[in-house]
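FYI, it's all coordinate maths here, none of it is from the lab. None of these values were measured; they are calculated from a predicted model. Heads up, the Cβs are rebuilt from the backbone with ideal geometry, glycines too, and the neighbour counts pull from every protein chain shown.
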Amino acid sequence: MINKIINRNDLFPKVLVSVRAPVSVLGVNEVKDNIGVIDWHMPVSIRPMKYSISVKSDDSLKKMINRAGNFVVNFMHVNQESIVLSCEKHDCLFVDLFEKNNLSKADSDYVESPRIKEAKAVLECEVEQELDSGGHTIFIGRVVGPRV
């Protein structure tokens, strides 16, 4: 299943990772949905299916994945490049990137974090391992919900 996704030529090479977790913004605690752009990502196991993402260690997305214990990898079509690049410009603790980019949230089947309805392929992942690699944190997720 993973090979069918990552070998597609119609998908943009960067992915959008979505997560839902509690955050504190300006002293107010709330549950937020976040989107982050990930350049470094790859499969790490076929059986069991596992996928890794590399997140900047000081990024709010890293803290949210820690709290949530899950994340969703959203593969966008190459024609959606402008959406991906727009998401790269903002920290979604302060900007709702779903709203700003006219993206629709959809419930995931197996994890609490939402998926992006417009994505062409999705991997719902539960965090199995976290590795500190210096400036980045590598999350290895067990794929519990692939969707093409």
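A few notes on this one:
- You will find that of Ser108, Ser86, the residue that is among the polar types (S, T, N, Q) and farther than 14 Å from Pro146 by Cα is Ser86 and no other.
- Candidates Ser113, Ser104: the one that is surrounded by 13 or more Cβ atoms within 10 Å (Cβ to Cβ) and under 27 Å from Lys4 (Cα atoms) is Ser113.
- Among the residues of this structure, Arg8 counts as one that is outside any strand (DSSP E or B) and basic (Lys, Arg).
- Matching residues, region 10-42, being surrounded by fewer than 16 Cβ atoms within 10 Å (Cβ to Cβ) and without any contact (Cβ under 8 Å) to a residue 60 or more places away in the chain: Pro13, Pro22, Ser24, Leu26, Gly27, Val28, Asn29, Glu30, Val31, Asp39, Met42
- Ile138 meets the stated requirement of being of a type in the set (A, V, I, L, M) and assigned to a strand (DSSP E or B).
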